[in-house]
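Novice: I'd like to ask some things about the structure below.
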Amino acid sequence: MQDHHHTLSILVDNEAGVLARVIGLFSARGYNIESLTVSEIDPVSNMSRITVVTTGNEKVITQIQQQIVRLVPVHSVVDLSLGTASVEREMALVKVAGVGQKRVEALRLAEAFRAHTVDAAVDSFIFEITGRTEKVTQFINLMKPLGLVEASRTGIAATSRGSEAVHTE
Amino acid sequence: MSMKATGAEIILLALKDQGVDTLFGYPGGAVLPIYDAIYQQNHINHYLVRHEQGATHAAEGYARSTGKVGCVLVTSGPGATNAITGIADALLDSIPMVVITGQVGTPLIGTDAFQEADIVGITRSCTKHNYLVRNVEDLERTLHEAFYIASSGRPGPVVVDIPKDVQFAEYVYTGEIVKSHKTYRPITDGAADQIAEAINLIKNAKKPIFYTGGGVINSGPEASKLLQELVELTGAPVTSTLMGLGAYPASGDKWLNMLGMHGSYEANMAMHDCDVMICVGARFDDRITGRVDAFAPFSKKIHIDIDPSSIGKIIPVDVPIIGDVKSVLADMIKLWKDGNCSQGQPSLDAWFKDINSWRARRSFDYNKTDDVIAPQYAVERLYELTKDKNTYITTEVGQHQMWAAQHYKFEEPNRWMTSGGLGTMGYGLPAAIGVQVAHPDALVVDIAGEGSIQMCMQEMSTAMQFGLPIKIFILNNERLGMVRQWQQLLHGERYSSTYSESLPDFVKMAEAFGCLGLQVSDPAKLDETILEMIDYNGPVLVDVLVEKNANCLPMIPSGAVHNEMILEDVLADTEVSDAGKRLV
């Protein structure tokens, strides 16, 4: 069995400590977290959605899902890497400092990557870029020789294609 | 019923409504209001232990021997951290337990206050669930929910951390008991198609075997009866893990004894050779499977478990059945009878011929001499002299535990309390206290080692205070025997820190606590000493001086396969692979 990336969407009750329960389970059982995104999605029903990208073979991924579902405040877990295709996006804020030719080149690449300029000074830019993880990584790498100061990435938000909700309860 | 009450009173009302009449605990600053409320009521008996670890193990013994939820009350900080070992023990052995911990007042949380510890954080990975109750309005619901979660599905420990100001605050108590939860919904009924597939496999099996575990015990006495019925119907032999002993009677003709690392030759050989394995409420623990890639290589595997995460965790199975053992076994029996499955079932004669040849190796036999007591002999005599009484056995952890499992024969569930998953030395004495509290007229014996007993020996004082006539039966070999055995096998006989020098005089120690202390070293005097222990109306400690270097056999060395058991005392010649050494 081969290791693959899997994007897990986890619907939880938004209560104190719930994120610690989920990520604590990953570290306690030796599972890897490559990306983690969490935010409240519905204040009325008081639910949050945690999106985790992890790596493992089929057996490990199944076990991770079963362990997560066992946590009391968890509603459901869905592996978005299975079945119908999913859409995954990540956003990053990328700060680049420089003058002259490098500054022009940074701006041109940002346009090519459809990044927005959200802050500009005479010697720096902050770009907002959205896309698949690989695209964001590629953009950040391109900025390195052009004066990359730092990048802040959000982690992945993901949902399934089509009209169905990911979590149907 | 709705009444105004303080948080402390709400706790006691909720416990009463949950049918709790017994608490094991230890007071302290952060639980003073609860202890004050205990003082002013008559429904709940509080048993004061001498160390909070003792409270948790006592609650485990109470729970394991009754099927009820064990309850613990301890203070914040060190009170709660001392309880951690017993909480982790209850998690690994799936024991229903509710632990109420006091916490510093909510304004002080996070300030490194006196006796403050982040107990919800510390216990997150060793509880089934835990709560910090910041508002008295949430207290009643949280407590009832805690009992529901602890006792339903796969049972386990639940911690409820209650700040001191919440204990003082007032609110309305309603008495509405929670029996459901919006996200926690254990599955109890097995899927019909999988049960049908399982029956189809069993009725065509030539070499079937039941491999049963603690889940049968947890499912209640009814589950054990159903197991016996299904074993009779199918004619298949049955073996059990350490945790499942007693679910099928040791006197039954299908009984193969315990399996696993120190299990019987017949059980392990049958597991290796079987063609259909029916795993009932067990979880393919590493002490059971030996080398995973060669575990029962010729078999189709059926796995009945209430916890979906147990399925396929270690060993891939062919027919997973998620559900409560009792419910699934009842369905299987019905299906077997309705389908008249005994007709046309292949003959199991050849299978039992194999089994009988393995039984003939008599793998639990040991050397008996007239001048020194063999530890196995001590357990055997204890069994013979207590088997007709209303007896409950607890153990500590180590060689004595395995010898107890091998040589004490259990006919019923809930009679055997031992720390299986976590392997906690110090479990047996406080567990015996919990069992004795639940069964005041029973004979409760802690089979112990001289090493383990020193880990919670202070609880002899608890036994004295509450008039609990427990019996502590120490197999004293003056060595940490199980570790010594591994050092002999794996580490070139370099006995690093396994000889307990300066052992206490156990007889004097017992007397210092006010218990009766006895010592025996002559095999000829063993019986009379055991009888004296049984007849004494009060707590007794018996120091049985046994053969010092006996090894616990048979055994499957780590990293070996079931059919590679060591039977005789030839440990020093056994080669263990490096991979195997890492598995120890």
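Novice: Tell me which residues, restricted to region A:9-40, are in contact (Cβ under 8 Å) with a residue 24 or more places away in the chain, more than 11 Å from chain B (Cβ to nearest Cβ) and open to solvent by 50 Å² or more (accessible area, probe 1.4 Å).
Specialist: If the condition is that a residue be in contact (Cβ under 8 Å) with a residue 24 or more places away in the chain, more than 11 Å from chain B (Cβ to nearest Cβ) and open to solvent by 50 Å² or more (accessible area, probe 1.4 Å), then A:ASN14, A:LEU19, A:ASN32, A:GLU34, A:LEU36, A:GLU40 are the ones that fit.
Novice: Being assigned to a helix (DSSP H, G or I) and in contact with a strand residue (DSSP E or B) (Cβ under 6 Å, 6 or more places away or on another chain) narrows it down to one residue among B:VAL435, B:VAL445; which is it? Steps first, please.
Specialist: Numbers: B:VAL445 fails: assigned to a helix (DSSP H, G or I).
Only one candidate passes the filter, namely B:VAL435.
Let's see how each residue does on (1) of a type outside the set (A, V, I, L, M); (2) out of contact with any Leu (no Cβ under 7 Å at 6 or more places or on another chain); (3) more than 14 Å from chain B (Cβ to nearest Cβ):
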| site | (1), (2), (3) |
| --- | --- |
| A:ASN57 | yes, yes, no |
| A:THR62 | yes, yes, no |
| A:ILE68 | no, no, no |
| A:VAL74 | no, yes, no |
| A:VAL77 | no, no, no |
| A:GLY83 | yes, yes, yes |
| A:GLU88 | yes, yes, yes |
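Novice: A further question follows. Starting from region B:287-308, keep only residues that are more than 14 Å from every other protein chain (Cβ to nearest Cβ) and closer than 21 Å to B:SER264 by Cβ, then list their pairs with residues that are part of a helix (DSSP H, G or I) and open to solvent by 20 Å² or more (accessible area, probe 1.4 Å) whose Cβ atoms are within a distance under 7 Å, requiring at least 6 positions of separation or different chains.
Specialist: Qualifying pairs under 7 Å: B:PHE298/B:ASP273.
Novice: Under the condition of being open to solvent by 30 Å² or more (accessible area, probe 1.4 Å) and of a type in the set (A, V, I, L, M, F, W, C), which residue from region B:530-578 is modelled with the lowest pLDDT?
Specialist: Selected residue: B:ALA572.
Novice: Something else now. Would you list the helices (runs of 4 or more DSSP H) that sit entirely within region B:53-124 and hold 2 or more residues that are open to solvent by 30 Å² or more (accessible area, probe 1.4 Å)?
Specialist: Numbers: elements: B:78-82, B:84-92, B:119-122.
Counting at least 2 such residues, we get B:78-82, B:84-92.
Novice: Among the hydrophobic types (A, V, I, L, M, F, W, C) and either surrounded by 21 or more Cβ atoms within 10 Å (Cβ to Cβ) or in contact with an Asp or Glu (Cβ under 7 Å, 6 or more places away or on another chain) (or both): does that describe B:ALA296?
Specialist: Answer is yes for this residue.
Novice: A further question on this structure: Considering only region B:313-340, how many residues are within 13 Å of chain A (Cβ to nearest Cβ) and more than 19 Å from B:LEU92 (Cβ to Cβ)?
Specialist: From region B:313-340, those within 13 Å of chain A (Cβ to nearest Cβ) are B:313-317, B:320, B:322; that's our starting set.
Checking which are more than 19 Å from B:LEU92 (Cβ to Cβ) leaves us with B:316-317, B:320, B:322.
Number of matching residues: 4.
Novice: Any residue in region B:159-179 that is surrounded by fewer than 24 Cβ atoms within 10 Å (Cβ to Cβ), within 11 Å of another protein chain (Cβ to nearest Cβ) and of a type in the set (Lys, Arg)?
Specialist: Looking for residues that are surrounded by fewer than 24 Cβ atoms within 10 Å (Cβ to Cβ), within 11 Å of another protein chain (Cβ to nearest Cβ) and of a type in the set (Lys, Arg), one finds none in region B:159-179, hence no.
Novice: Then there is this: What are the pairs with Cβ atoms under 8 angstrom where one residue, in region B:461-474, is free of Cβ contacts under 8 Å to residues at least 12 places away in the same chain and the other, located anywhere, is in a helix (DSSP H, G or I)? Sequence gap at least six, or different chains.
Specialist: Nothing qualifies.
Novice: Follow-up. Consider B:GLN115 against the criteria (1) closer than 26 Å to B:ILE311 by Cα; (2) over 28 Å from the mean Cα position of the chain (by Cα); (3) more than 14 Å from chain A (Cβ to nearest Cβ): it satisfies all of them except one. Which criterion is unmet?
Specialist: (1)
The values are calculated or read from the model by the stated rules, or taken from the named source; none is laboratory data. The shown structure was predicted, so the numbers you read here are calculated from the model rather than taken from an experiment. Cβ atoms come from the backbone with ideal geometry, glycine included; neighbour counts cover every protein chain shown. Quick note on the areas: whole protein, heavy atoms, side chains included, nothing else; ligands and nucleic acids left out. Shrake-Rupley method; radii C 1.70, N 1.55, O 1.52, S 1.80 Å.
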